[in-house]
Amino acid sequence: MATVLSSEVKQALQDIYYNVRTGRGKEAFALLEKASAAGDGDASCVLARCLCGYQYVWGWHGFPEDDERATRLLHKSVEQGSALGVLVALRSGELTPSVQKNMPFANLQEAFDQVEALAKEGDAFCQYIIGNSYFWWDFLRIQNKGKDSFPSQAEFKAYLKGEISKCEDWFWKAFRGGMYLAANNLNRYYTQGDEDIIAPRPEMAKDLYKTGAELGYPTCQFIYAEELRKAERYGESLRWFKESAEANNGESWYKVAWFYSEGKGVEKDGAYAASCCEKELSRNPRHRGANNLLGQAYLHGDGVPQDYAKAYQHLIAAFDAKNCNWGAFYLAQCAFNGWGTPQDYGKALQFLNAVDWQNREADYMRGYICARGLGGVQEDIPKGVAYLQKAGNFSKAKEELLNYKKTLFGKWVRRK
């Protein structure tokens, strides 16, 4: 690794990590690919991180996930002389003896010192990597030390505490410099501590994501907004969800839609809520919440022209997603009445079976289907009447009950 990061790597770090709002993530990815092919080991290292998923890079850049390619790039970065690549490979469990043998450093400490020098000069990515070396105990291998290096367990423990605690300052430097990911490790450090070596200090984590939100990090804005929503501070929450959404942070437009659909912290606006759902679906057509909310809007004509076909289309897309029964009642209505889909009592009953909450109209539909033996169900008048009675004052249920009577022996039968 050179004593300075190349202009290509510096630009890529800006667009991929420090300021995702530029929207130039894919351009930065291509820049790294070119620099890596030209022999820039640091570019190979950062490119490898980009291929490892949302835990290592902002998920909404849309980068592919490819663990095998990432591993090859990490090995390549070590061979290309990237001290940064050495530390990342070590942290990733990829610095095997054979890979380490190919690095152009006398030892791991030499590689560490080069990265630390860049960290001290202010590069946030390097600061984050140095912080990780302390946080995850990689310093033991870097410094070639262990329990046997100390005359007593107490001295070894004191050494561990001194080294591990260094992560805190480095993570804060990285966090303020643009590495929003550092907040996650800081949060863990404060809330969990580290075994019996570092005591938890949960009060220190209280405003972490608020700080990140104020620094302009979309992921932190989303997390902080969710904290505010749970505290029912709706106006403040909406503000931060909007900030996150404007950076194209996934799911944020759906959250904004929810506020306007429900009129929480803002005047209800069905049309704007629907437009926010459309924005969410434009990047993730399978988003369950946005499909449900938009389906409900089309079903009721809330902010959009009533359109049963579109309602069914969005609701079924959400329902077909795993463990999502939010729209089951609406889908049952559609199938029962033939709204936007052919009338199908059997399918209506399938949807009704997924409704696990009290709903009078759902009980009416169950009762109607059971008592009449519709949709492939065997006629069961007593069961159907029980559902209809459970529907209480629901007008259609009361009307349907008029079709049945009790015999002298207390059996429910259909009126002739």
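The values are calculated or read from the model by the stated rules, or taken from the named source; none is laboratory data. Please read all numbers here as calculations on a predicted model, not as lab measurements. Every residue, glycine among them, receives a Cβ derived from its backbone with ideal geometry; neighbour counts consider all protein chains shown. The protein model used for the area step is the full one, side chains on, heavy atoms only, and it has no ligands, DNA or RNA in it. Shrake-Rupley method; radii C 1.70, N 1.55, O 1.52, S 1.80 Å.
If I filter the range 33-63 down to residues being open to solvent by less than 30 Å² (accessible area, probe 1.4 Å) and among the aliphatic types (A, V, I, L, M), which single residue comes out as nearest to Trp253 (Cα to Cα)?
Val57
Given the criterion in contact (Cβ under 8 Å) with a residue 60 or more places away in the chain, under 20 Å from Tyr18 (Cβ atoms) and part of a helix (DSSP H, G or I), identify the matching residue among Thr219, Thr211. Write out each step before concluding.
Values: Thr211 fails: in contact (Cβ under 8 Å) with a residue 60 or more places away in the chain.
The conditions single out Thr219.
Among the numbered conditions (1) touching a residue at least 40 places away in the same chain (Cβ under 8 Å); (2) open to solvent by 30 Å² or more (accessible area, probe 1.4 Å); (3) part of a helix (DSSP H, G or I), tell me where His75 comes up short.
Here His75 meets the rest and fails (1).
For the range 136-176: of the residues being outside any helix (DSSP H, G or I) and hydrophobic (A, V, I, L, M, F, W, C), which is nearest to Phe125 (Cα to Cα)?
Residues of the range 136-176 that are outside any helix (DSSP H, G or I), as a first pass: 136-138, 143-146, 150-152, 165.
Retained after the next criterion (residues that are hydrophobic (A, V, I, L, M, F, W, C)): 136-137, 150.
Working: Trp136: 16, Trp137: 18, Phe150: 32 Å.
Result: Trp136.
I need the full set of residues from the range 122-160 which are closer than 24 Å to Ala43 by Cβ and either over 33 Å from the mean Cα position of the chain (by Cα) or of a type in the set (S, T, N, Q) (or both), in order please.
Hits for the range 122-160 are Gln127, Asn132, Ser133, Ile142.
Suppose we filter Tyr189, Tyr134 for residues that are over 25 Å from Lys10 (Cα atoms), crowded, with 17+ Cβ neighbours inside 10 Å, among the hydroxyl-bearing types (Ser, Thr, Tyr) and at pLDDT 95 or above; which single one remains?
Numbers: Tyr134 fails: over 25 Å from Lys10 (Cα atoms).
None of the others qualify; the one that does is Tyr189.
Could you say whether any residue in the range 175-185 is of a type outside the set (A, V, I, L, M, F, W, C), out of contact with any Gly (no Cβ under 8 Å at 6 or more places or on another chain) and surrounded by 20 or more Cβ atoms within 10 Å (Cβ to Cβ)?
To start, the set of residues in the range 175-185 that are of a type outside the set (A, V, I, L, M, F, W, C) comprises 176-178, 180, 184-185.
When the remaining residues are screened for being out of contact with any Gly (no Cβ under 8 Å at 6 or more places or on another chain), the result is 176, 178, 184.
Checking the rest, the ones that are also surrounded by 20 or more Cβ atoms within 10 Å (Cβ to Cβ) come to 178.
Yes; the residues of the range 175-185 include at least one that is of a type outside the set (A, V, I, L, M, F, W, C), out of contact with any Gly (no Cβ under 8 Å at 6 or more places or on another chain) and surrounded by 20 or more Cβ atoms within 10 Å (Cβ to Cβ).
With Asp363, Asp356, Asp380 as the choices, which residue is touching a helix residue (DSSP H, G or I) at 6+ places or on another chain (Cβ under 9 Å), of a type outside the set (Gly, Ala, Ser) and either at positive phi or without any contact (Cβ under 8 Å) to a residue 12 or more places away in the chain (or both)?
On the way: Asp363 fails: either at positive phi or without any contact (Cβ under 8 Å) to a residue 12 or more places away in the chain (or both); Asp356 fails: either at positive phi or without any contact (Cβ under 8 Å) to a residue 12 or more places away in the chain (or both).
Answer to the check: Asp380.
Go through the residues of the range 114-123 one by one and say whether even a single one is basic (Lys, Arg) and in contact (Cβ under 8 Å) with a residue 24 or more places away in the chain.
At the first step, the residues of the range 114-123 found to be basic (Lys, Arg) are 120.
With in contact (Cβ under 8 Å) with a residue 24 or more places away in the chain added as a condition, the list becomes none.
Within the range 114-123 (the criterion being basic (Lys, Arg) and in contact (Cβ under 8 Å) with a residue 24 or more places away in the chain), the answer is no, since none of the residues qualifies.
Kindly provide the set of residues from the range 1-51 that are among the polar types (S, T, N, Q) and not in a helix (DSSP H, G or I), ordered by number. Walk me through how you get there before you give the answer.
Taking the range 1-51 as the starting set, the residues that turn out to be among the polar types (S, T, N, Q) are 3, 6-7, 11, 14, 19, 22, 36, 44.
Selection gives Thr3, Ser6, Asn19.
I need the full set of residues from the range 4-31 which are touching a Ser or Thr at 6+ places or on another chain (Cβ under 8 Å) and buried (at least 20 other Cβ atoms within 10 Å of the Cβ), in order please. Spell out how you get there, then give the answer.
Taking the range 4-31 as the starting set, the residues that turn out to be touching a Ser or Thr at 6+ places or on another chain (Cβ under 8 Å) are 14-15.
Correct list: Asp15 only.
Residues checked against (1) charged (D, E, K, R); (2) in contact with a Gly (Cβ under 9 Å, 6 or more places away or on another chain); (3) open to solvent by 10 Å² or more (accessible area, probe 1.4 Å); (4) at negative phi:
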residue: Ala111; (1), (2), (3), (4): no, yes, no, yes
residue: Gly122; (1), (2), (3), (4): no, yes, yes, no
residue: Phe125; (1), (2), (3), (4): no, yes, no, yes
residue: Trp172; (1), (2), (3), (4): no, yes, yes, yes
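Filtering the range 192-208 down to residues that are assigned to a helix (DSSP H, G or I) and either open to solvent by less than 70 Å² (accessible area, probe 1.4 Å) or touching a residue at least 24 places away in the same chain (Cβ under 8 Å) (or both), which residue is nearest to Lys120 (Cα to Cα)? Before you say what the answer is, go through the steps one by one.
Kept after step one, since they are assigned to a helix (DSSP H, G or I), are these residues of the range 192-208: 192, 202-205, 208.
After this cut, where a residue has to be either open to solvent by less than 70 Å² (accessible area, probe 1.4 Å) or touching a residue at least 24 places away in the same chain (Cβ under 8 Å) (or both) as well, the list is 205, 208.
Numbers: Ala205: 25, Leu208: 23 Å.
Filtering first and then ranking leaves Leu208.
Residue under question is Leu84, and the condition is that it be in contact (Cβ under 8 Å) with a residue 24 or more places away in the chain, within 17 Å of Pro104 (Cα to Cα) and crowded, with 21+ Cβ neighbours inside 10 Å; does it hold? Let's see the steps before the verdict.
Numbers: in contact (Cβ under 8 Å) with a residue 24 or more places away in the chain: yes; within 17 Å of Pro104 (Cα to Cα): yes; crowded, with 21+ Cβ neighbours inside 10 Å: yes.
It is true that Leu84 is in contact (Cβ under 8 Å) with a residue 24 or more places away in the chain, within 17 Å of Pro104 (Cα to Cα) and crowded, with 21+ Cβ neighbours inside 10 Å.
Identify, please: which residue in the range 330-372 is polar (S, T, N, Q) and open to solvent by less than 40 Å² (accessible area, probe 1.4 Å) and is, among those, farthest from Val385 (Cα to Cα)? First the steps, then the outcome.
Residues of the range 330-372 that are polar (S, T, N, Q), as a first pass: 333, 337, 341, 343, 350, 353, 358-359.
Then keep just the ones that are open to solvent by less than 40 Å² (accessible area, probe 1.4 Å); that gives 333, 341, 359.
On the way: Gln333: 19, Thr341: 27, Asn359: 16 Å.
Looking at residues that are polar (S, T, N, Q) and open to solvent by less than 40 Å² (accessible area, probe 1.4 Å), I get Thr341.
May I ask you to list the residues in the range 284-300 that are in contact with a Gly (Cβ under 9 Å, 6 or more places away or on another chain) and either among the aliphatic types (A, V, I, L, M) or open to solvent by less than 30 Å² (accessible area, probe 1.4 Å) (or both)?
Correct list: His287, Asn291, Asn292, Gly295, Ala297, Tyr298, Leu299.
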